[in-house]
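Scroll down for the structure; my scribbles are underneath it.
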Amino acid sequence: MADQELPCVLVSGFEGPCGVFKDHVGDLQKHFRLITMKEFLKNKTQLSQQIQAVYIWGGEPVIDRQLLQSLPSLKIIASAGVGVDHLDLPLIASFGVKVANTPQAVSSPTADLGMTLLLAAARRLLEGCQLVLSPETESFSINWMGQGVTGATLGIVGMGSIGYKVAQRAKAFEMKILYHNRNRRPREEEEAVGATYCEKMEDLLRQSDFVMLALRLTPETRGLLGRRELALMKPTAVLVNISRGLLVDQDALVEALQTGVIHAAALDVTHPEPLPRDHPLRGLKNVILTPHMGSATHQARRQMMEDLVESVLAALSGLPIPNEVVGRAT
């Protein structure tokens, strides 16, 4: 099929931190004519009617009313990842446009990273590495201690696909697993991982040695963990966040880490990203920060791309859309 006959798909671009991954471009171009935002803005009159899909990678391009109004032929917005807090779903739906994401592709790698951060924080891995590499280190203290993971209690806030996969991994570490979720999991799923449901998040916070956030950001969950909730946690507890930075009141978290309200935090997400260079979280020894890399494996990102292609092709053919996001995310 000639390139001009391929359906046109809008992408952010091929360069920069949110550019389409270079290894995926060739595969995408087998199915679509890729139009960058720069190209679109230069040739709006010609391209507006042609673009039928938007391919969001790294949260870009940004979808707003102005863009939607300029794309009368748009049928679907395909967004990499599971979170859709960057999309105004009611607004998009009002234009008759569908939305799809890639929840299956991100679940396992994000759960893997959650356990990585938990283990690293528990055993003070970053501090240990710095100790070994420091030119000032002359000996290793036998009393340089971390926290045990085996037999400890893990509280998972948000038991969706990612949270459940975290529980599967934690079971292998013989951890006691508590979880809080809007809806309780079926009993057989709880028994499979040895998880106990906490109807009130406060009960989970009081009992857990490690608290892991694995839920979506919505207006209801924004600021879910604030000063009051952090104060309920054990002074030896570790907070792990693999979801969204805005779930946590960062100022309250800094205070809790500085004053010993909680022991440590391991954060793959913050707000903003990256943090300002002078942000106090960056200077604390009891904090591990990673660059929102939950799904950042070659295998997962390729699966994300393939899932997005499948959803776009289905939408353009009038077929049921895999991983369609219906209504407002909850």
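The values are calculated or read from the model by the stated rules, or taken from the named source; none is laboratory data. Remember, it's a predicted structure, so these values are computed and weren't measured experimentally. Reconstructed Cβ throughout: ideal geometry from the backbone, glycine too, with neighbour counts over all protein chains shown.
Restricting Ser317, Ser295, Ser311 to residues that are without any contact (Cβ under 8 Å) to a residue 12 or more places away in the chain, under 30 Å from Gly96 (Cβ atoms) and of a type in the set (S, T, N, Q) narrows the list to Ser317.
Among the residues of this structure, Leu119 counts as one that is more than 20 Å from Leu217 (Cα to Cα) and part of a helix (DSSP H, G or I).
Every listed requirement among (1) touching a helix residue (DSSP H, G or I) at 6+ places or on another chain (Cβ under 7 Å); (2) in the same structural domain as Gly114 (by TED's automatic domain parsing); (3) over 23 Å from Gly114 (Cβ atoms) is met by Pro276 save one, (1). Would you check if there is a residue in segment 176-194 being of a type in the set (Phe, Trp, Tyr), closer than 27 Å to Val84 by Cα and under 22 Å from the mean Cα position of the chain (by Cα)? Yes, some residue in segment 176-194 is of a type in the set (Phe, Trp, Tyr), closer than 27 Å to Val84 by Cα and under 22 Å from the mean Cα position of the chain (by Cα). Of the residues making up segment 226-261, those that are β-branched (Val, Ile, Thr) and touching a residue at least 12 places away in the same chain (Cβ under 8 Å) are Thr236, Val238, Val240, Ile242, Val248, Val254, Val261.
Of the residues examined, Val166 is one that is within 25 Å of the chain's Cα centre (by Cα), crowded, with 16+ Cβ neighbours inside 10 Å and not in a loop (DSSP other than H, G, I, E, B).
Close contacts from segment 158-182, counting a first residue that is more than 20 Å from Thr218 (Cβ to Cβ) and a second that is surrounded by 22 or more Cβ atoms within 10 Å (Cβ to Cβ) and of a type in the set (S, T, N, Q), with Cβ to Cβ under 7 Å and a gap of 6+ residues or different chains, come to Lys165/Ser107; Leu178/Ser208.
The number of residues in segment 107-123 that are touching a Gly at 6+ places or on another chain (Cβ under 6 Å) and free of Cβ contacts under 8 Å to residues at least 24 places away in the same chain comes to 0. Annotation: of all residues in segment 54-100 being closer than 17 Å to Lys38 by Cα and of a type in the set (A, V, I, L, M), the one that is surrounded by the most Cβ atoms within 10 Å (Cβ to Cβ) is Val54. Considering the conditions (1) in a helix (DSSP H, G or I); (2) out of contact with any Phe, Trp or Tyr (no Cβ under 7 Å at 6 or more places or on another chain), Arg301 is excluded by exactly one of them, (2).
Regarding segment 242-250, can at least one residue be identified that is of a type in the set (D, E, K, R) and assigned by TED's automatic domain parsing to the domain that holds Leu34? Looking for residues that are of a type in the set (D, E, K, R) and assigned by TED's automatic domain parsing to the domain that holds Leu34, one finds none in segment 242-250, hence no. Note on segment 1-48: among residues that are small (Gly, Ala, Ser) and under 24 Å from the mean Cα position of the chain (by Cα), the one that is surrounded by the fewest Cβ atoms within 10 Å (Cβ to Cβ) is Gly16.
Sub-8 Å Cβ pairs linking a first residue in segment 203-225 that is more than 24 Å from Gln168 (Cβ to Cβ) and of a type in the set (Lys, Arg) to a second residue that is part of a helix (DSSP H, G or I) and at pLDDT 95 or above, at least 6 apart or interchain, are Arg206/Leu232; Arg222/Leu246; Arg222/Leu247, ordered by first then second residue.
When Ala122, Ala53, Ala93, Ala111 are checked against the criterion of being touching a strand residue (DSSP E or B) at 6+ places or on another chain (Cβ under 6 Å) and either assigned by TED's automatic domain parsing to the domain that holds Glu306 or of a type outside the set (Ser, Thr, Tyr) (or both), Ala53 stands alone in meeting it.
Set side by side, the residues Thr45, Thr110 differ, and just one is part of a helix (DSSP H, G or I), at pLDDT 95 or above and of a type in the set (Val, Ile, Thr), which is Thr110.
Can you name every residue in segment 64-89 that is in a loop (DSSP other than H, G, I, E, B) and over 19 Å from the mean Cα position of the chain (by Cα)? Asp64, Ser70, Leu71, Pro72, Ser73, Leu74, Lys75, listed by residue number. Against the test of being assigned to a helix (DSSP H, G or I) and within 21 Å of Arg124 (Cβ to Cβ), the options Val254, Val211, Val240, Val261 yield a single qualifying residue, Val254.
Which members of segment 281-294 meet the condition of being assigned to a loop (DSSP other than H, G, I, E, B) and either outside the structural domain of Asp249 (by TED's automatic domain parsing) or in contact with an Asp or Glu (Cβ under 9 Å, 6 or more places away or on another chain) (or both)? Hits for segment 281-294 are Lys285, Asn286, Thr290, Pro291, His292, Met293, Gly294.
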